Amino acid sequence: MKLEQVIKALKEYDGEPVKIMEVCGTHTKSIFQSGIRTIISPKIQLISGPGCPVCVTSPAYIDHLTDLSLKEKYCVLTFGDMMKVKGTKLSLTEAKAMGAQVKVLYSPLAAIAEAERNLDTQYVFAAVGFETTTPIYALLLDEIRKRKIKNLKLATSIKTILPALSFICENETSIDAFLSPGHVSVITGSKIYKGLASTYHKPFVVAGFEGEHILAAIYEIMSQLKGKRYEVRNLYSNAVTEEGNQKAERLINQYFEEANGIWRGIGMIEQSALKLKEEYKEYDAGSREEEIIEELPKGCRCADVILGRIQPVECPLFQKVCTPLHAVGPCMVSAEGACGIWYQNS
Ligand code: SF4
């Protein structure tokens, strides 16, 4: 079907209201940048999901990082997004202002050079993310072992997306369908959504990130719902296969194993984290993720945003008190956070 016909059909939709969750922040950003909300029927609601790793990182883990960064001869290495996220006491930015050693890196592999340059410093890499970044952490571990580096460890807060989607299907029944995360699906393959699609009767459609890809995915979802079909469709076949990237999965499985994970604002989701295997504990700087601290800043509704219960604009603090410069909650801090994306683009 031609793009104009797809747009016309989505614009003219006048049936029951439909709620589609786009799981990852990159899709949220593309939806804004391509103006999709303005060209489809208001009866098709697009709502953000839990696919921003920084937003769901537990306060206890941030506390662990800030504690480490303040220790003598320790340095925490991190991606920039993590700097402003608050723990229960401090963010890494605040710890740095107090004299802690914290460095922003653009690639985990750059940590190797840091560690080799300063042998007196114990480096800790803040390994945060989903399946997408985990193979890179596995490669980092390969390199650490190959070069026999003793002063570089990982503090992990790695989540897997399927248990979170399962949690949402079980608890958030108003969501009718999912735009599956493109990047995660490259690693996991589209097969992982099959069980949820059939158990919960929800279409799961994997899509690329261009506006036309997302429109095609929404159209596919609407067609499935109309025909009462609940299937997994992969519309991003130039990057995603059914089986996923098996080499990357092998790398992940070599170093990591499943464990219970704490999601900020949600709590514990069983088997939703990846932790370093016991045999690699010498490279493990811990995570403290097992400590449940549900607390979000007062008034912050990040949990409702992550679970698709509200849009960011429905949070009373949005744009008034909470802005990227003075972020109250993690969803405003991260480049992939729904609140930050809505703020920058609306
Ligand atoms: Fe939290 Fe700010 Fe988003 Fe409100 S606007 S949910 S306070 S991050």
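The values are calculated or read from the model by the stated rules, or taken from the named source; none is laboratory data. What you see is a predicted model, and the numbers here were worked out from it, not measured in a lab. FYI the Cβ positions are ideal-geometry reconstructions off the backbone, even for glycines, and counts take in every protein chain you see. Accessible surface is based on the protein model in full, side chains and every heavy atom, while ligands, DNA and RNA are left aside. Shrake-Rupley method; radii C 1.70, N 1.55, O 1.52, S 1.80 Å.
List of remarks:
- Value of D in µm² per second that Stokes-Einstein yields for region 1-124, Kirkwood Rh from Cα pairs, at 10 °C (1.306 mPa s): 90
- Taking every protein chain into account, the 1.4 Å probe leaves K202 with about 20 Å² of accessible area, to the nearest ten.
- Across the chain, the convex hull enclosing all Cα atoms gives 128 Å³ per residue.
- Within a straight-line Cα-Cα reach of under 18 Å, K320 can be paired with the following lysines, leaving aside sequence neighbours fewer than 8 residues apart in one chain: K298.
- Area accessible to solvent at K11, 1.4 Å probe radius, in Å²: 120
- Cross-link table K29/K226; K191/K247; K153/K275; K71/K96; K43/K226; K8/K43, entries beyond 19 Å C-alpha to C-alpha: K29/K226
- For region 191-207, Karplus couplings with θ = phi - 60° (6.51, -1.76, 1.60), whole Hz, Gly/Pro x: 4, 5, 8, 4, x, 5, 4, 7, 5, 9, 6, 10, x, 10, 10, 8, 9
- In degrees, nearest ten, helix 246-255 long axis to first principal axis of the chain (Cα): 40
- Mean residue ellipticity at 222 nm, helices only, the chain: -10000 deg cm²/dmol; runs of at least 4 DSSP H residues each add -39,500 (n - 2.57), and the sum is divided by the number of residues.
- Share antiparallel - DSSP beta bridges, the chain, percent rounded to 5: 20
- When only alpha carbons are used to place a centre, region 180-238 and region 1-71 end up 14 Å from one another.
- The radius of gyration of the Cα set in region 109-266, together with its Dmax, comes out at 18.8, 64 angstrom.
- Angle between the chain longest axis and helix 59-69 axis [Cα atoms, degrees, rounded to 10]: 30
- The angle between the Cα long axis of helix 161-171 and the main principal axis of the chain comes to about 50°, on a 0 to 90 degree scale.
- At the listed q of 0.19, 0.20 Å⁻¹, the Debye profile of region 92-182, built from one uniform point per Cα, gives log10 I(q)/I(0) equal to -0.91, -0.97.
- Shape of region 183-231, Cα gyration tensor, a/c cut at 1.5: oblate
- Seen from K150, the other residues with C-beta closer than 15 Å to its C-beta sum to a net charge of +2, counting Lys and Arg as +1 and Asp and Glu as -1.
- With θ taken as phi - 60° and the Karplus curve 6.51 cos²θ - 1.76 cosθ + 1.60 applied, the whole-hertz 3J(HN,Hα) list for region 84-92 is 8, 6, 7, x, 7, 10, 9, 9, 5 Hz, x standing for glycine and proline.
- Taking all protein chains as they are arranged and a probe of 1.4 Å, the heavy atoms of F209 leave approximately 40 Å² accessible to solvent.
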